[in-house]
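Below is one structure, written out as C-alpha coordinates; the observations come after it.
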Amino acid sequence: PRSGLVVPAPVCARRLAASCAASMAAKDEAPAPGGAGVLGWLGFVIVNIAIWGIIIVSSVVSWAVGFVVTLIYTGVLIGMAFCLRRYGARFAAFENLLWVLSCWCVFILGAYLSINVIPAPDLQRSDATRAMDLPMSPGYADFGAVLPANSSDELRQWAAEPSMGTHAAPSFAAYEGQFFFRGAPDDGQSNGGDILLKSNASAVVRVAPELEAPRSFVVFGSALYFIGRQVGGLQSDLWSIDAVGAATATASLVKRFTKGHQVHSLDSIDGRLYMKAEYICPTRYVKTIMWTTGTAEGFRNLLGSDCPTSPATTPPPHVPVNPTAQPQPPVDVDDVPPRAQLLGLVLMSCLPMLTIAGLILWKFRMPGMFFNLYYGFLILVAVLFFIGTIERDAVEIFLKTFLTLYSAGALLAFTLTCLLREVLPELLESMRDWIVALTSLLLFAMIHIDLQVPPTGVAWAWVVYALTIPPWLLVSVSVGHVLPLVLGSLSTFIVAWKISREIVRVFYGHSLSEVPMLITLAILALQGIGIIIGAIFYAKHRATVDDVVRGSLRRCLGQ
(Lines give C-alpha, C1' and ligand atoms only; values in the text may rest on other atoms or scores of the structure.)
Protein backbone atom coordinates (compact mmCIF):
# COMPACT_ATOMS: atom_id res chain seq x y z
CA PRO A 1 0.00 0.00 0.00
CA ARG A 2 1.07 3.61 -0.68
CA SER A 3 0.87 4.58 2.98
CA GLY A 4 3.14 1.79 3.88
CA LEU A 5 0.58 0.63 6.47
CA VAL A 6 0.05 -3.10 6.38
CA VAL A 7 -3.17 -4.46 7.91
CA PRO A 8 -2.91 -8.08 8.95
CA ALA A 9 -5.26 -10.47 7.15
CA PRO A 10 -6.96 -11.78 10.35
CA VAL A 11 -7.89 -8.19 11.32
CA CYS A 12 -9.41 -7.57 7.88
CA ALA A 13 -11.41 -10.74 8.15
CA ARG A 14 -12.72 -9.80 11.57
CA ARG A 15 -13.71 -6.29 10.41
CA LEU A 16 -15.44 -7.67 7.34
CA ALA A 17 -17.36 -10.23 9.41
CA ALA A 18 -18.45 -7.56 11.91
CA SER A 19 -19.58 -5.28 9.09
CA CYS A 20 -21.60 -8.05 7.47
CA ALA A 21 -23.19 -9.02 10.81
CA ALA A 22 -24.19 -5.41 11.49
CA SER A 23 -25.65 -5.12 8.01
CA MET A 24 -27.68 -8.32 8.45
CA ALA A 25 -28.93 -7.21 11.87
CA ALA A 26 -30.05 -3.86 10.48
CA LYS A 27 -31.82 -5.65 7.67
CA ASP A 28 -33.61 -7.96 10.12
CA GLU A 29 -34.70 -5.03 12.28
CA ALA A 30 -35.97 -2.98 9.35
CA PRO A 31 -39.70 -3.04 8.73
CA ALA A 32 -40.98 -5.45 6.14
CA PRO A 33 -41.26 -3.84 2.71
CA GLY A 34 -44.70 -2.94 1.50
CA GLY A 35 -47.57 -2.90 4.00
CA ALA A 36 -50.41 -0.45 4.12
CA GLY A 37 -49.03 2.13 6.51
CA VAL A 38 -50.99 4.86 8.20
CA LEU A 39 -52.37 6.28 4.97
CA GLY A 40 -53.59 2.86 3.92
CA TRP A 41 -55.51 2.38 7.15
CA LEU A 42 -56.90 5.91 6.92
CA GLY A 43 -58.20 5.22 3.44
CA PHE A 44 -59.69 1.93 4.60
CA VAL A 45 -61.59 3.70 7.40
CA ILE A 46 -62.86 6.42 5.07
CA VAL A 47 -64.05 3.90 2.49
CA ASN A 48 -65.91 1.86 5.12
CA ILE A 49 -67.60 4.92 6.58
CA ALA A 50 -68.77 5.89 3.11
CA ILE A 51 -69.94 2.37 2.23
CA TRP A 52 -71.90 1.85 5.45
CA GLY A 53 -73.47 5.26 4.96
CA ILE A 54 -74.52 4.21 1.47
CA ILE A 55 -76.00 0.97 2.86
CA ILE A 56 -78.00 2.83 5.51
CA VAL A 57 -79.35 5.42 3.08
CA SER A 58 -80.15 2.72 0.52
CA SER A 59 -82.07 0.76 3.15
CA VAL A 60 -84.17 3.84 3.87
CA VAL A 61 -85.08 4.03 0.19
CA SER A 62 -85.85 0.31 -0.02
CA TRP A 63 -84.66 -2.73 1.86
CA ALA A 64 -84.06 -4.47 -1.49
CA VAL A 65 -81.65 -1.72 -2.56
CA GLY A 66 -79.83 -1.96 0.77
CA PHE A 67 -79.66 -5.74 0.41
CA VAL A 68 -78.13 -5.52 -3.08
CA VAL A 69 -75.55 -2.91 -2.00
CA THR A 70 -74.60 -5.03 1.02
CA LEU A 71 -74.33 -8.14 -1.15
CA ILE A 72 -71.99 -6.38 -3.59
CA TYR A 73 -69.90 -4.99 -0.72
CA THR A 74 -69.64 -8.46 0.82
CA GLY A 75 -68.38 -9.89 -2.45
CA VAL A 76 -65.78 -7.12 -2.73
CA LEU A 77 -64.56 -7.74 0.83
CA ILE A 78 -64.21 -11.49 0.30
CA GLY A 79 -62.45 -10.98 -3.03
CA MET A 80 -59.96 -8.54 -1.51
CA ALA A 81 -59.31 -10.91 1.39
CA PHE A 82 -58.41 -13.73 -0.99
CA CYS A 83 -56.23 -11.43 -3.09
CA LEU A 84 -54.23 -10.27 -0.07
CA ARG A 85 -53.42 -13.85 0.87
CA ARG A 86 -50.97 -13.93 -2.04
CA TYR A 87 -48.75 -11.45 -0.19
CA GLY A 88 -48.37 -13.64 2.89
CA ALA A 89 -47.93 -11.84 6.20
CA ARG A 90 -47.33 -8.40 4.70
CA PHE A 91 -51.05 -7.54 4.75
CA ALA A 92 -52.20 -10.00 7.41
CA ALA A 93 -53.81 -7.26 9.53
CA PHE A 94 -55.78 -5.97 6.54
CA GLU A 95 -56.86 -9.47 5.59
CA ASN A 96 -57.95 -10.19 9.15
CA LEU A 97 -60.16 -7.11 9.24
CA LEU A 98 -61.62 -7.88 5.82
CA TRP A 99 -62.76 -11.28 7.01
CA VAL A 100 -64.30 -9.76 10.15
CA LEU A 101 -66.31 -7.30 8.06
CA SER A 102 -67.28 -10.03 5.59
CA CYS A 103 -68.77 -12.19 8.33
CA TRP A 104 -70.77 -9.29 9.73
CA CYS A 105 -72.05 -8.53 6.24
CA VAL A 106 -73.26 -12.13 6.01
CA PHE A 107 -75.15 -11.55 9.25
CA ILE A 108 -76.70 -8.34 7.91
CA LEU A 109 -77.76 -10.03 4.67
CA GLY A 110 -79.58 -12.71 6.66
CA ALA A 111 -81.21 -10.06 8.82
CA TYR A 112 -82.49 -8.28 5.69
CA LEU A 113 -84.20 -11.46 4.54
CA SER A 114 -85.58 -12.57 7.90
CA ILE A 115 -87.07 -9.18 8.74
CA ASN A 116 -88.40 -8.16 5.32
CA VAL A 117 -89.26 -11.42 3.55
CA ILE A 118 -90.79 -13.40 6.43
CA PRO A 119 -94.20 -11.84 7.23
CA ALA A 120 -94.90 -10.64 10.76
CA PRO A 121 -98.29 -10.21 12.46
CA ASP A 122 -99.80 -6.75 12.15
CA LEU A 123 -99.77 -6.42 15.91
CA GLN A 124 -95.99 -6.52 16.12
CA ARG A 125 -95.71 -2.74 16.09
CA SER A 126 -95.09 -0.09 18.67
CA ASP A 127 -97.74 1.06 21.09
CA ALA A 128 -97.83 4.51 19.50
CA THR A 129 -98.35 3.13 15.99
CA ARG A 130 -101.05 0.70 17.05
CA ALA A 131 -102.78 3.34 19.14
CA MET A 132 -103.14 5.52 16.03
CA ASP A 133 -104.30 2.67 13.80
CA LEU A 134 -106.58 0.67 16.08
CA PRO A 135 -110.19 1.86 16.22
CA MET A 136 -111.73 3.14 19.40
CA SER A 137 -114.26 0.86 21.00
CA PRO A 138 -117.62 2.01 19.52
CA GLY A 139 -119.34 4.22 22.06
CA TYR A 140 -116.20 4.44 24.21
CA ALA A 141 -114.38 7.24 22.40
CA ASP A 142 -114.87 9.41 25.51
CA PHE A 143 -114.43 8.45 29.13
CA GLY A 144 -117.95 9.56 29.98
CA ALA A 145 -119.47 7.02 27.59
CA VAL A 146 -118.90 4.17 30.05
CA LEU A 147 -120.68 5.85 32.99
CA PRO A 148 -123.93 4.35 34.28
CA ALA A 149 -127.10 6.19 33.31
CA ASN A 150 -127.81 7.58 36.79
CA SER A 151 -124.27 8.88 37.46
CA SER A 152 -124.08 12.12 39.42
CA ASP A 153 -123.36 15.43 37.75
CA GLU A 154 -120.06 15.64 39.63
CA LEU A 155 -118.96 12.29 38.22
CA ARG A 156 -120.01 13.23 34.69
CA GLN A 157 -118.19 16.54 34.94
CA TRP A 158 -115.04 14.75 36.12
CA ALA A 159 -115.27 12.23 33.27
CA ALA A 160 -115.66 15.04 30.71
CA GLU A 161 -112.57 16.93 31.89
CA PRO A 162 -109.68 16.80 29.42
CA SER A 163 -106.96 14.48 30.66
CA MET A 164 -104.06 15.90 28.74
CA GLY A 165 -101.90 18.08 30.98
CA THR A 166 -104.04 17.55 34.08
CA HIS A 167 -103.89 13.79 34.64
CA ALA A 168 -100.79 14.08 36.88
CA ALA A 169 -102.29 16.77 39.12
CA PRO A 170 -102.07 17.20 41.96
CA SER A 171 -98.42 16.31 42.51
CA PHE A 172 -98.58 16.87 46.27
CA ALA A 173 -100.92 16.37 49.21
CA ALA A 174 -101.19 17.17 52.92
CA TYR A 175 -102.16 14.17 55.04
CA GLU A 176 -101.95 13.39 58.76
CA GLY A 177 -99.87 16.48 59.46
CA GLN A 178 -97.32 15.49 56.81
CA PHE A 179 -96.66 16.96 53.39
CA PHE A 180 -96.14 14.44 50.56
CA PHE A 181 -94.76 15.60 47.22
CA ARG A 182 -92.63 14.57 44.24
CA GLY A 183 -89.12 15.88 43.89
CA ALA A 184 -85.43 15.05 43.49
CA PRO A 185 -83.75 14.81 46.92
CA ASP A 186 -80.46 16.63 47.36
CA ASP A 187 -78.80 13.88 49.37
CA GLY A 188 -76.51 12.36 46.78
CA GLN A 189 -78.53 9.15 46.83
CA SER A 190 -80.80 9.86 43.88
CA ASN A 191 -80.45 8.79 40.27
CA GLY A 192 -81.80 12.15 39.15
CA GLY A 193 -85.52 11.37 38.79
CA ASP A 194 -88.44 12.68 40.83
CA ILE A 195 -89.48 10.36 43.64
CA LEU A 196 -92.01 10.47 46.48
CA LEU A 197 -90.81 12.52 49.46
CA LYS A 198 -92.31 13.43 52.84
CA SER A 199 -91.76 16.59 54.87
CA ASN A 200 -92.89 17.54 58.36
CA ALA A 201 -91.47 21.09 58.13
CA SER A 202 -88.25 20.02 59.86
CA ALA A 203 -86.85 17.35 57.56
CA VAL A 204 -87.41 15.77 54.16
CA VAL A 205 -87.28 11.98 53.95
CA ARG A 206 -87.85 9.37 51.28
CA VAL A 207 -90.96 7.23 51.27
CA ALA A 208 -90.34 3.50 51.13
CA PRO A 209 -90.42 1.75 48.78
CA GLU A 210 -88.85 4.35 46.54
CA LEU A 211 -91.46 5.40 43.96
CA GLU A 212 -90.78 7.37 40.80
CA ALA A 213 -93.12 9.91 39.19
CA PRO A 214 -95.80 9.92 41.94
CA ARG A 215 -98.94 11.77 40.82
CA SER A 216 -102.69 12.18 41.15
CA PHE A 217 -102.73 12.42 44.96
CA VAL A 218 -106.17 12.21 46.55
CA VAL A 219 -107.36 11.55 50.10
CA PHE A 220 -110.04 8.85 50.08
CA GLY A 221 -111.54 7.44 53.23
CA SER A 222 -108.80 7.30 55.84
CA ALA A 223 -105.84 7.00 53.46
CA LEU A 224 -103.92 8.91 50.82
CA TYR A 225 -103.98 7.32 47.35
CA PHE A 226 -101.76 8.05 44.34
CA ILE A 227 -100.23 6.57 41.19
CA GLY A 228 -96.50 5.74 41.22
CA ARG A 229 -93.84 3.48 39.72
CA GLN A 230 -91.25 1.53 41.64
CA VAL A 231 -87.67 2.50 40.84
CA GLY A 232 -86.46 0.44 37.90
CA GLY A 233 -89.98 -0.64 36.95
CA LEU A 234 -91.85 0.06 33.75
CA GLN A 235 -95.44 0.16 34.96
CA SER A 236 -97.21 2.59 37.30
CA ASP A 237 -99.48 1.14 39.98
CA LEU A 238 -102.01 2.33 42.58
CA TRP A 239 -100.48 2.99 46.04
CA SER A 240 -101.79 4.20 49.39
CA ILE A 241 -100.46 5.64 52.63
CA ASP A 242 -102.43 5.24 55.86
CA ALA A 243 -101.89 6.93 59.22
CA VAL A 244 -99.15 4.48 60.21
CA GLY A 245 -97.49 4.85 56.82
CA ALA A 246 -97.58 8.63 57.15
CA ALA A 247 -95.68 8.41 60.43
CA THR A 248 -93.14 5.85 59.14
CA ALA A 249 -92.88 7.15 55.55
CA THR A 250 -94.13 3.85 54.11
CA ALA A 251 -96.45 3.28 51.15
CA SER A 252 -98.52 0.16 50.45
CA LEU A 253 -99.38 -1.35 47.08
CA VAL A 254 -103.13 -1.40 46.41
CA LYS A 255 -103.38 -2.55 42.80
CA ARG A 256 -100.73 -3.67 40.33
CA PHE A 257 -101.96 -2.93 36.82
CA THR A 258 -101.34 -5.04 33.76
CA LYS A 259 -98.41 -3.70 31.79
CA GLY A 260 -99.63 -1.30 29.15
CA HIS A 261 -102.29 0.39 31.30
CA GLN A 262 -102.05 4.17 31.48
CA VAL A 263 -103.97 5.06 34.65
CA HIS A 264 -104.44 8.65 35.77
CA SER A 265 -106.83 11.32 37.08
CA LEU A 266 -107.72 9.86 40.49
CA ASP A 267 -110.63 11.49 42.31
CA SER A 268 -112.95 10.71 45.20
CA ILE A 269 -116.57 11.01 44.02
CA ASP A 270 -119.81 9.53 45.35
CA GLY A 271 -118.01 7.47 47.97
CA ARG A 272 -115.72 5.74 45.48
CA LEU A 273 -112.20 6.30 44.20
CA TYR A 274 -112.45 6.74 40.44
CA MET A 275 -109.65 6.74 37.88
CA LYS A 276 -109.34 6.88 34.09
CA ALA A 277 -107.51 4.16 32.18
CA GLU A 278 -106.27 3.74 28.61
CA TYR A 279 -104.73 0.62 27.10
CA ILE A 280 -104.53 -1.48 23.97
CA CYS A 281 -106.53 -4.64 23.36
CA PRO A 282 -105.85 -6.93 20.38
CA THR A 283 -108.43 -5.24 18.14
CA ARG A 284 -109.09 -1.84 19.62
CA TYR A 285 -107.79 1.01 21.74
CA VAL A 286 -109.77 1.27 24.95
CA LYS A 287 -110.64 4.20 27.18
CA THR A 288 -112.51 3.31 30.33
CA ILE A 289 -113.16 4.28 33.92
CA MET A 290 -112.26 2.15 36.93
CA TRP A 291 -113.27 2.53 40.55
CA THR A 292 -112.31 0.97 43.85
CA THR A 293 -113.40 0.98 47.44
CA GLY A 294 -109.78 1.22 48.49
CA THR A 295 -108.68 -2.40 48.12
CA ALA A 296 -107.61 -4.62 45.24
CA GLU A 297 -110.61 -6.89 45.89
CA GLY A 298 -112.98 -3.96 45.49
CA PHE A 299 -111.52 -2.91 42.16
CA ARG A 300 -113.88 -2.73 39.15
CA ASN A 301 -113.77 -1.77 35.48
CA LEU A 302 -117.00 -0.15 34.21
CA LEU A 303 -116.63 -2.14 31.00
CA GLY A 304 -117.10 -5.32 33.00
CA SER A 305 -113.81 -6.68 31.67
CA ASP A 306 -110.65 -5.05 30.40
CA CYS A 307 -111.11 -6.32 26.84
CA PRO A 308 -114.78 -7.11 26.08
CA THR A 309 -115.18 -9.85 23.47
CA SER A 310 -117.96 -7.92 21.69
CA PRO A 311 -117.83 -4.11 21.67
CA ALA A 312 -120.92 -2.30 22.84
CA THR A 313 -122.39 0.41 20.65
CA THR A 314 -124.13 2.28 23.48
CA PRO A 315 -123.12 3.15 27.02
CA PRO A 316 -123.74 0.34 29.50
CA PRO A 317 -127.05 0.47 31.37
CA HIS A 318 -127.19 1.26 35.06
CA VAL A 319 -126.55 -2.25 36.30
CA PRO A 320 -124.27 -2.75 39.31
CA VAL A 321 -121.05 -4.47 38.33
CA ASN A 322 -121.11 -8.12 39.28
CA PRO A 323 -118.78 -8.26 42.29
CA THR A 324 -117.92 -11.89 41.54
CA ALA A 325 -116.93 -11.27 37.92
CA GLN A 326 -113.28 -11.93 37.17
CA PRO A 327 -111.72 -9.14 35.10
CA GLN A 328 -110.08 -10.31 31.90
CA PRO A 329 -106.64 -8.76 31.44
CA PRO A 330 -105.87 -7.30 28.04
CA VAL A 331 -103.61 -9.24 25.72
CA ASP A 332 -100.45 -7.18 25.57
CA VAL A 333 -99.24 -7.81 22.04
CA ASP A 334 -95.87 -6.33 22.93
CA ASP A 335 -95.26 -9.56 24.83
CA VAL A 336 -96.00 -11.74 21.79
CA PRO A 337 -92.70 -12.23 19.93
CA PRO A 338 -92.52 -12.39 16.11
CA ARG A 339 -91.29 -15.98 16.31
CA ALA A 340 -91.10 -16.59 12.56
CA GLN A 341 -88.82 -13.60 12.01
CA LEU A 342 -86.68 -14.43 15.04
CA LEU A 343 -86.29 -18.01 13.89
CA GLY A 344 -85.31 -16.69 10.47
CA LEU A 345 -82.71 -14.51 12.17
CA VAL A 346 -81.24 -17.62 13.79
CA LEU A 347 -81.18 -19.68 10.58
CA MET A 348 -80.22 -16.97 8.08
CA SER A 349 -78.01 -14.64 10.15
CA CYS A 350 -76.54 -16.12 13.33
CA LEU A 351 -75.75 -19.66 12.23
CA PRO A 352 -74.30 -18.71 8.81
CA MET A 353 -72.01 -16.08 10.36
CA LEU A 354 -70.86 -18.44 13.12
CA THR A 355 -70.22 -21.22 10.60
CA ILE A 356 -68.22 -19.05 8.20
CA ALA A 357 -66.24 -17.43 11.03
CA GLY A 358 -65.40 -20.86 12.44
CA LEU A 359 -64.22 -22.13 9.05
CA ILE A 360 -62.04 -19.06 8.45
CA LEU A 361 -60.54 -19.39 11.93
CA TRP A 362 -59.75 -23.06 11.30
CA LYS A 363 -58.54 -22.66 7.72
CA PHE A 364 -56.76 -19.29 7.67
CA ARG A 365 -55.97 -18.77 11.37
CA MET A 366 -57.48 -15.27 11.43
CA PRO A 367 -57.60 -14.08 15.09
CA GLY A 368 -60.29 -11.47 14.37
CA MET A 369 -62.82 -14.25 13.97
CA PHE A 370 -63.13 -14.23 17.75
CA PHE A 371 -65.08 -10.98 17.34
CA ASN A 372 -67.66 -12.68 15.13
CA LEU A 373 -67.82 -15.87 17.20
CA TYR A 374 -68.04 -14.07 20.55
CA TYR A 375 -70.78 -11.61 19.65
CA GLY A 376 -72.44 -13.99 17.21
CA PHE A 377 -73.04 -16.52 19.98
CA LEU A 378 -74.25 -13.71 22.25
CA ILE A 379 -76.81 -12.61 19.65
CA LEU A 380 -77.86 -16.22 19.03
CA VAL A 381 -78.66 -16.83 22.71
CA ALA A 382 -80.51 -13.51 22.98
CA VAL A 383 -82.63 -14.24 19.88
CA LEU A 384 -83.50 -17.72 21.18
CA PHE A 385 -84.65 -16.09 24.42
CA PHE A 386 -86.74 -13.55 22.51
CA ILE A 387 -88.51 -16.38 20.69
CA GLY A 388 -89.93 -17.37 24.07
CA THR A 389 -90.85 -13.85 25.23
CA ILE A 390 -90.12 -10.21 24.55
CA GLU A 391 -91.81 -8.97 27.72
CA ARG A 392 -89.82 -5.92 28.69
CA ASP A 393 -89.17 -6.73 32.34
CA ALA A 394 -88.06 -10.28 31.52
CA VAL A 395 -85.83 -9.09 28.69
CA GLU A 396 -84.14 -6.52 30.91
CA ILE A 397 -83.41 -9.06 33.64
CA PHE A 398 -82.20 -11.65 31.13
CA LEU A 399 -79.87 -9.30 29.27
CA LYS A 400 -78.28 -7.95 32.44
CA THR A 401 -77.76 -11.42 33.87
CA PHE A 402 -76.61 -13.12 30.68
CA LEU A 403 -74.27 -10.38 29.45
CA THR A 404 -72.62 -10.12 32.87
CA LEU A 405 -72.12 -13.87 33.28
CA TYR A 406 -71.13 -14.33 29.63
CA SER A 407 -68.41 -11.66 29.65
CA ALA A 408 -67.15 -12.61 33.11
CA GLY A 409 -67.08 -16.31 32.22
CA ALA A 410 -65.17 -15.73 28.98
CA LEU A 411 -62.58 -13.50 30.65
CA LEU A 412 -62.19 -15.91 33.57
CA ALA A 413 -61.73 -18.87 31.21
CA PHE A 414 -58.95 -17.09 29.30
CA THR A 415 -57.31 -15.93 32.52
CA LEU A 416 -57.22 -19.50 33.87
CA THR A 417 -55.84 -20.73 30.55
CA CYS A 418 -53.00 -18.21 30.73
CA LEU A 419 -52.21 -19.31 34.29
CA LEU A 420 -52.35 -23.03 33.59
CA ARG A 421 -50.32 -22.89 30.36
CA GLU A 422 -46.81 -21.49 30.37
CA VAL A 423 -46.98 -21.05 26.60
CA LEU A 424 -50.28 -20.61 24.80
CA PRO A 425 -50.97 -22.33 21.48
CA GLU A 426 -49.98 -20.15 18.53
CA LEU A 427 -53.56 -19.45 17.43
CA LEU A 428 -54.73 -18.61 20.94
CA GLU A 429 -51.71 -16.36 21.43
CA SER A 430 -52.58 -14.46 18.25
CA MET A 431 -56.12 -13.95 19.60
CA ARG A 432 -54.94 -12.57 22.95
CA ASP A 433 -55.64 -8.90 22.15
CA TRP A 434 -59.08 -9.67 20.70
CA ILE A 435 -60.13 -11.87 23.61
CA VAL A 436 -58.96 -9.50 26.35
CA ALA A 437 -60.37 -6.38 24.66
CA LEU A 438 -63.83 -7.74 23.82
CA THR A 439 -64.46 -9.57 27.08
CA SER A 440 -62.99 -6.88 29.35
CA LEU A 441 -64.84 -3.95 27.78
CA LEU A 442 -68.20 -5.75 27.86
CA LEU A 443 -67.72 -6.82 31.48
CA PHE A 444 -66.63 -3.30 32.46
CA ALA A 445 -69.78 -1.84 30.90
CA MET A 446 -72.05 -4.43 32.54
CA ILE A 447 -70.58 -3.79 36.00
CA HIS A 448 -71.57 -0.13 35.71
CA ILE A 449 -75.02 -0.98 34.32
CA ASP A 450 -75.76 -3.60 36.99
CA LEU A 451 -74.58 -1.50 39.94
CA GLN A 452 -75.72 1.84 38.41
CA VAL A 453 -72.37 3.39 39.27
CA PRO A 454 -71.58 6.28 39.43
CA PRO A 455 -75.13 7.77 39.68
CA THR A 456 -76.34 5.50 42.48
CA GLY A 457 -76.10 6.46 46.11
CA VAL A 458 -76.68 2.95 47.45
CA ALA A 459 -73.81 2.07 49.80
CA TRP A 460 -73.63 -1.65 49.05
CA ALA A 461 -73.37 -0.98 45.30
CA TRP A 462 -70.29 1.16 45.88
CA VAL A 463 -68.75 -1.46 48.16
CA VAL A 464 -69.24 -4.16 45.53
CA TYR A 465 -67.87 -1.82 42.86
CA ALA A 466 -64.73 -1.14 44.91
CA LEU A 467 -64.23 -4.88 45.36
CA THR A 468 -64.07 -5.32 41.56
CA ILE A 469 -60.86 -3.26 41.33
CA PRO A 470 -58.34 -5.86 42.62
CA PRO A 471 -59.62 -8.56 40.22
CA TRP A 472 -58.92 -6.23 37.29
CA LEU A 473 -55.30 -5.89 38.42
CA LEU A 474 -54.93 -9.64 38.90
CA VAL A 475 -56.39 -10.32 35.47
CA SER A 476 -53.97 -7.84 33.89
CA VAL A 477 -50.99 -9.62 35.44
CA SER A 478 -52.36 -13.08 34.60
CA VAL A 479 -53.11 -12.47 30.91
CA GLY A 480 -50.16 -10.15 30.31
CA HIS A 481 -52.27 -7.34 28.91
CA VAL A 482 -52.52 -3.68 29.93
CA LEU A 483 -56.24 -3.14 29.19
CA PRO A 484 -57.59 -4.72 32.43
CA LEU A 485 -55.10 -2.55 34.32
CA VAL A 486 -56.46 0.55 32.56
CA LEU A 487 -60.05 -0.43 33.39
CA GLY A 488 -59.11 -1.06 37.01
CA SER A 489 -57.45 2.37 37.09
CA LEU A 490 -60.63 4.03 35.79
CA SER A 491 -62.62 2.28 38.51
CA THR A 492 -60.06 3.45 41.07
CA PHE A 493 -60.52 7.04 39.94
CA ILE A 494 -64.32 6.76 40.25
CA VAL A 495 -64.04 5.31 43.77
CA ALA A 496 -61.50 7.97 44.76
CA TRP A 497 -63.89 10.71 43.70
CA LYS A 498 -66.75 9.09 45.63
CA ILE A 499 -64.61 8.85 48.78
CA SER A 500 -63.62 12.51 48.50
CA ARG A 501 -67.21 13.61 47.98
CA GLU A 502 -68.55 11.56 50.90
CA ILE A 503 -65.90 12.85 53.31
CA VAL A 504 -66.77 16.45 52.43
CA ARG A 505 -70.49 15.68 52.64
CA VAL A 506 -70.09 14.68 56.29
CA PHE A 507 -68.98 18.22 57.22
CA TYR A 508 -70.61 20.41 54.56
CA GLY A 509 -73.70 18.46 53.57
CA HIS A 510 -74.58 18.50 49.91
CA SER A 511 -73.16 21.91 49.17
CA LEU A 512 -70.83 22.26 46.19
CA SER A 513 -69.72 25.81 46.87
CA GLU A 514 -66.09 26.90 46.57
CA VAL A 515 -64.79 25.63 49.93
CA PRO A 516 -66.37 22.14 49.80
CA MET A 517 -65.26 21.74 46.19
CA LEU A 518 -61.68 22.76 47.03
CA ILE A 519 -61.57 20.29 49.90
CA THR A 520 -63.01 17.58 47.68
CA LEU A 521 -60.34 18.19 45.04
CA ALA A 522 -57.60 18.32 47.71
CA ILE A 523 -58.64 14.93 49.11
CA LEU A 524 -58.80 13.58 45.57
CA ALA A 525 -55.27 14.89 44.94
CA LEU A 526 -53.97 13.16 48.08
CA GLN A 527 -55.47 9.90 46.92
CA GLY A 528 -53.92 10.48 43.51
CA ILE A 529 -50.50 10.97 45.08
CA GLY A 530 -50.89 7.66 46.89
CA ILE A 531 -51.86 5.97 43.64
CA ILE A 532 -48.84 7.50 41.87
CA ILE A 533 -46.48 6.21 44.56
CA GLY A 534 -47.97 2.75 44.20
CA ALA A 535 -47.66 2.97 40.41
CA ILE A 536 -43.97 3.97 40.63
CA PHE A 537 -43.25 1.07 42.97
CA TYR A 538 -45.02 -1.32 40.62
CA ALA A 539 -43.16 0.03 37.58
CA LYS A 540 -39.76 -0.41 39.29
CA HIS A 541 -40.52 -3.94 40.44
CA ARG A 542 -43.00 -5.00 37.78
CA ALA A 543 -41.23 -8.17 36.72
CA THR A 544 -40.83 -9.31 40.32
CA VAL A 545 -44.40 -8.41 41.30
CA ASP A 546 -45.86 -10.11 38.22
CA ASP A 547 -43.83 -13.26 38.87
CA VAL A 548 -44.91 -13.34 42.52
CA VAL A 549 -48.58 -12.79 41.63
CA ARG A 550 -48.56 -15.38 38.85
CA GLY A 551 -46.73 -17.86 41.05
CA SER A 552 -49.20 -17.37 43.89
CA LEU A 553 -52.18 -17.77 41.60
CA ARG A 554 -50.71 -20.88 40.01
CA ARG A 555 -50.06 -22.42 43.40
CA CYS A 556 -53.69 -21.72 44.31
CA LEU A 557 -54.65 -23.63 41.17
CA GLY A 558 -52.42 -26.55 42.13
CA GLN A 559 -49.70 -25.85 39.54
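The values are calculated or read from the model by the stated rules, or taken from the named source; none is laboratory data. No experiment lies behind these values; they were computed from the predicted model shown. In this analysis, Cβ positions are derived from the backbone assuming ideal geometry, glycine residues included, and neighbour counts consider all displayed protein chains. The protein model used for the area step is the full one, side chains on, heavy atoms only, and it has no ligands, DNA or RNA in it. Shrake-Rupley method; radii C 1.70, N 1.55, O 1.52, S 1.80 Å.
Numbers for the structure displayed
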| item | result |
| --- | --- |
| 483, 441, 266, ranked by accessible area, largest first (probe 1.4 Å) | 441, 483, 266 |
| For residue 176, solvent-accessible area (1.4 Å; no DNA, RNA or ligand), Å² | 110 |
| Residue-normalised accessible area of region 471-559, given per residue in Å² at a 1.4 Å probe | 60 |
| Residues whose placed amide H lies under 5 Å from that of residue 255, excluding near-sequence neighbours | 238 |
| Region 403-492: relative contact order in percent, alpha carbon pairs under 8 Å with at least 6 residues between | 32 |
| Accessible carbon and sulfur surface of region 419-468 relative to its total accessible area, %, 1.4 Å | 72 |
| Ranked order, 377, 537, 107, 217 - accessible area, probe 1.4 Å, largest first | 537, 377, 107, 217 |
| Region 348-437 - percent relative contact order, Cα under 8 Å, separation 6 or more | 35 |
| Nonlocal amide H pairs with residue 287, under 5 Å, H built at 1.01 Å | 137 |
| Most to least accessible of 99, 52 (protein chains only, probe 1.4 Å) | 52, 99 |
| Spatial separation of Cα centroids for region 485-559 and region 196-269, in angstrom | 42 |
| Per-residue HN-Hα couplings for region 529-538 [Karplus 6.51, -1.76, 1.60; θ = phi - 60°; Hz; x = Gly/Pro] | 4, x, 5, 5, 4, x, 5, 5, 4, 5 |
| Rounded to whole Hz, the Karplus (6.51, -1.76, 1.60) HN-Hα couplings of region 491-507, x for glycine and proline | 5, 4, 4, 4, 5, 4, 5, 4, 4, 4, 5, 6, 5, 5, 5, 4, 9 |
| In Å², nearest 10: area of residue 399 left accessible to a 1.4 Å probe | 60 |
| Amide H contacts of residue 211 (H built 1.01 Å from N, under 5 Å, at least 5 apart or other chain) | 196 |
| Accessible area of region 39-85 belonging to carbon and sulfur atoms, whole % at 1.4 Å probe | 88 |
| Euclidean distance of C-alpha centroids, region 432-477 and region 381-412, integer Å | 18 |
| Inter-site label distance for residue 364 and residue 72 at 7 Å from Cα along Cβ, in nm | 2.2 |
| Cα→Cβ-extended label distance, 7 Å offset, between residue 41 and residue 339, nm | 4.8 |
| Calculated from backbone phi, Karplus (6.51, -1.76, 1.60) coupling profile of region 371-382 in Hz, x at Gly/Pro | 4, 5, 5, 5, 7, x, 5, 4, 5, 4, 5, 5 |
